[in-house]
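Only one structure is covered here, and it is reproduced in the block below.
Coordinate-derived values only; no laboratory data. Quick caveat: nothing in here was measured; it's all calculated off a predicted structure. Cβ placement follows ideal geometry from the backbone for every residue including glycine, while neighbour counts extend to all protein chains displayed.
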Amino acid sequence: MFLKPLLTSTAFAVLLALSPLVPAGEAIPVGADPVLQARMMKLATVLRCLVCQNQTIADSHADLAQDLRRQIIELMQQGKTDDQVMDYMVQRYGDFVLYRPPVKSTTALLWFGPAALVLLGGFAFYRSARHRNRAGAEEDQPLTPEQQQRADALLLDEEGSV
């Protein structure tokens, strides 16, 4: 489930590193088409850098992020719409490439896992506190006459042996 995007992105990174056709670090011509550049940056802010993983490809300086930005521009130059470019990226790299993946069965743990952990921790804390209060309440009860006599006998034995 989670390995497919990782393997795909790793394989893509290796292919890019070995490919002599795509020189990493080549600058994207900024002034060529400002409208295309703006569309690319809009899409780049919602796509995750597969290397950095905590940055969008718009923010990342990784070679792969530069290549993905270049690939977005190439797709746009081919006449693809923003939705078609996003679909292409998701189809190629999986939902992991989306900075905010959709809520569905394969991403449910990602979306609801943290809340479930907080609720589970709160429940465990509640149970522990309740158990501690019950144990404390049992200790505060007065001794029965038999318990009091036994305690007095034990105390007298200690005083006599010391």
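Laid out as a table, the results:
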{"item": "Rule-of-thumb Rg ratio for segment 43-83 [Cα; 2.2 N^0.38 Å; N residues]", "result": "1.12"}
{"item": "Environment charge of Met41, counting only residues whose C-beta is closer than 11 Å and scoring Lys/Arg +1, Asp/Glu -1", "result": "+2"}
{"item": "Formal net charge of residues neighbouring Ile72 (Cβ-Cβ distance under 11 Å; K, R +1; D, E -1)", "result": "+2"}
{"item": "Residue-by-residue Karplus 3J(HN,Hα) for segment 80-95, coefficients 6.51, -1.76, 1.60, Hz, glycine and proline x", "result": "6, 7, 4, 5, 5, 5, 4, 4, 4, 5, 5, 5, 7, 10, x, 5"}
{"item": "For Thr56, residues with placed amide H under 5 Å, excluding near neighbours", "result": "Cys49"}
{"item": "Residue exposure sequence - Lys42, Lys104, Lys80 - by fewest surrounding Cβ within 10 Å", "result": "Lys104, Lys42, Lys80"}
{"item": "For segment 48-128, the Rg and Dmax computed from alpha carbons only, in angstrom", "result": "17.6, 62"}
{"item": "Extension gain (nm, one decimal) between Leu154 and Arg134, 0.36 nm per residue minus Cα-Cα", "result": "4.5 nm"}
